[in-house]
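Read through the structure below, which is laid out as structure tokens, and then see the notes.
The values are calculated or read from the model by the stated rules, or taken from the named source; none is laboratory data. Everything quoted here is computed from the prediction, not taken from an experiment. Neighbour counts run over all protein chains shown; Cβ positions are idealised from the backbone, glycine included. In case anyone asks, the SASA skips ligands and DNA or RNA and just uses the protein heavy atoms, side chains included. Shrake-Rupley method; radii C 1.70, N 1.55, O 1.52, S 1.80 Å.
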Amino acid sequence: MSYYEITGGRPLSGSLAVHGAKNSVLPILAACLLVPGQCVLHNCPDLSDVSATLDILRLLGCQAEREGDTVWIDASALSRSEIPEHLMREMRSSVIFLGALLARLGEAELSYPGGCELGPRPIDLHLSALRALGAEILEEQGALCCRGSTGLRGREICLSIPSVGATENAMLAACGCAGVTAIVGAAQEPEIIDLQGFLQAAGAQVTGAGTPTITVQGGTPLHPVEYRVMGDRIAAATYLCAAAAAGGEVEMTGASADTLTAVLSCLEEAGCTLHTAPDKIALTCRGPLRGIRPVRTAPYPGFPTDAQAILMAALAGGEGATMFVENIFDSRYRHVDELRRMGADIQVAGRAAMVSGVGRLHGAAVRSTDLRGGAALVVAALGAEGTTQVAELRHIRRGYQALDRNLRALGADIREIP
Ligand code: UD1
């Protein structure tokens, strides 16, 4: 099994274009099922989660091809509505196919996604939204069988939590409903605006993404479309935190600073200098990071849970104390034990983690525990003294394209040892 070997202490410098957003491209690939024709997606990152999604599309009868960062999906011959368990297990977020299959075929059968590295991942909000639109859903022995046999009809759906996935599932299903659907209490993440952008370009009547109420006038036939996926704000945050941990001067292109305000203000408070322009973020960090006010994860535009581990890793090797409060997922401190192996001083109590900066972490042999936890170990290693081995790269490959090559281009000493 391969691992990264990283020798820390080299400042980063240079410019990097971030790849397309994982959390945008997955729902957009599912949305391609709604189009009986060929869609072309640009800026489609080469990630294991994307490959798993393309495998699901092929299995359902679609044609799916990739060349560089362009992907062609033709769902004209969509023939199946069941997704087997092994593919569901590979990628938990494939529950997004429920809404898309219901909208196009009026039925979907897949296995229950179950728990994941972040703890239990309930889908009750997804199911109640689809039921509200008229889907009958049977849950039997881990299988979910959904039918819209009496016809799907638009109506008001109220989400008690602004779940990203449930909002997207409801948007996709609503496209196949007769009449108007209003999703109230919707998640407002930029990736939802991106999904709306794709659907609108394909002819769907969807408005309101980015606000708490999304309205879908369903039943409009969709047409083939060529669309560019937005840049990955969490990947951008990762490279910025890497430069904050290692020191240096980097510029990220392809991700909008407006989508990262909460993370950028933390980095600024910790002592980094930031300059932003449309589609560009530049960060300079000279000297150790300082402790900052409590970082509380929250739905967008709050501090993203996906950036919690990454910022924590940077601050753990700085000076001063910072409190983190994880409000979105139950089990999102699994990277803490690994950071401790590198000398970090972090005390966890329930949802809170108190990070006391130790000045400098040291190299160690560590394992990725989940996607962002793995990226956090890389960030920590870049600022640490000595050499770190980061194992379990499969987690990192779910969400980062060529993380090692990109960091090398910025001057980091990182290589993959097969
Ligand atoms: C998405 C992102 C993930 C990110 C998360 C929160 C994708 C592919 N993944 O995941 O990277 O960390 O948003 O920003 O876009 N919940 C329920 N019932 C449900 C659904 C969710 O209780 O039916 C809870 C979850 O347990 C969690 C919270 O709602 O506590 C938010 O989860 P949600 O926004 O749904 O996350 P995902 O869409 O799974």
Next on the checklist: Need one number: % antiparallel among DSSP beta bridges in the chain, to the nearest 5.
Outcome noted: 75 percent
Item to check | Extension gain from residue 161 to residue 334, taking 0.36 nm per residue of separation minus the Cα-Cα distance | outcome: 59.9 nm
Item to check | Surface accessible to a 1.4 Å probe, per residue, for the residues of the chain, Å² | outcome: 38 Å²
Next on the checklist: With every atom except the alpha carbons ignored, what do you get for Rg and Dmax of the chain, in angstroms?
Outcome noted: 21.3, 64
Item to check | Largest-first principal axis extents of the Cα set of the range 142-287 (Å) | outcome: 64, 33, 29
Next on the checklist: Probe radius 1.4 Å, ligands and nucleic acids left out: which of 107, 65 has the largest accessible area, and how do the rest follow?
Outcome noted: 65, 107
Checklist entry - Carbon-plus-sulfur fraction of the accessible area of the range 238-358, 1.4 Å probe, in percent? => result 49 percent
Next on the checklist: For a Förster distance of 25 Å, can you work out the FRET efficiency between the beta-carbons of residue 226 and residue 46, rounded to the nearest 0.05?
Outcome noted: 0.85
Next on the checklist: 7 Å from Cα along Cα→Cβ at both residue 276 and residue 358: what's the point-to-point distance in nm?
Outcome noted: 3.3 nm
Checklist entry - So for 358, 216, what's the accessible-area order with a 1.4 Å probe, most first? => result 358, 216
Checklist entry - Is it possible to state the helix-based mean residue ellipticity at 222 nm for the chain, with each DSSP H run of 4+ residues giving -39500 (n - 2.57), the sum divided by total residues, to the nearest 500 deg cm²/dmol? What is it? => result -9500 deg cm²/dmol
Checklist entry - What helices does the chain hold that run 15 Å or longer along their axis, going by alpha-carbon atoms, with a Kyte-Doolittle average of 0.0 or more, using DSSP H for the helix calls? => result 48-59, 164-175, 190-201, 233-246, 371-383
Item to check | Mean Cα-pair separation over length for the range 22-228, i.e. relative contact order, pairs under 8 Å, 6 or more apart, % | outcome: 20 percent
Next on the checklist: At a threshold of 8 angstrom on Cα-Cα distance, excluding pairs fewer than six apart, so keeping six or more, what relative contact order does the chain reach in percent?
Outcome noted: 21 percent
Checklist entry - For residue 211 and residue 265, what is the calculated FRET efficiency with R₀ set at 30 Å and r taken between the beta-carbons, to the nearest 0.05? => result 0.85
Checklist outcome for this item: Per the range 22-228, sqrt(5λ) over the Cα gyration tensor eigenvalues, sorted largest first, in Å, gives 22, 20, 17
Checklist entry - What residues have an amide H closer than 5 Å to that of residue 318, excluding those fewer than 5 places away on the same chain, when H is modeled at 1.01 Å from N in the peptide plane? => result 358, 359
Checklist entry - Among bridges DSSP assigns within the range 22-228, what percent are antiparallel (round to 5)? => result 75 percent
Checklist entry - Using a ≥ b ≥ c from the Cα gyration tensor of the range 118-161 (square roots of the eigenvalues), is it rounded, prolate or oblate, where a/c under 1.5 gives rounded and otherwise the larger of a/b and b/c decides, a/b for prolate? => result oblate
Item to check | Euclidean distance of C-alpha centroids, the range 173-207 and the range 121-146, integer Å | outcome: 20 Å
Checklist entry - Radius of gyration and Dmax for the range 69-182's Cα atoms, expressed in Å? => result 13.8, 40
Checklist outcome for this item: Carbon plus sulfur, as percent of the 1.4 Å-probe accessible area of the range 22-228, comes to 50 percent
Checklist outcome for this item: The Cα radius of gyration of the range 22-104, divided by 2.2 N^0.38 Å with N its residue count, comes to 0.96
Checklist entry - What residue among 210, 14, 363 has the largest mean-square fluctuation in a Gaussian network model of the chain, using Cα springs under 10 Å? => result 14
Next on the checklist: In Å, what Kirkwood hydrodynamic radius results for the range 273-418 from the alpha-carbon pair distances?
Outcome noted: 15.7 Å
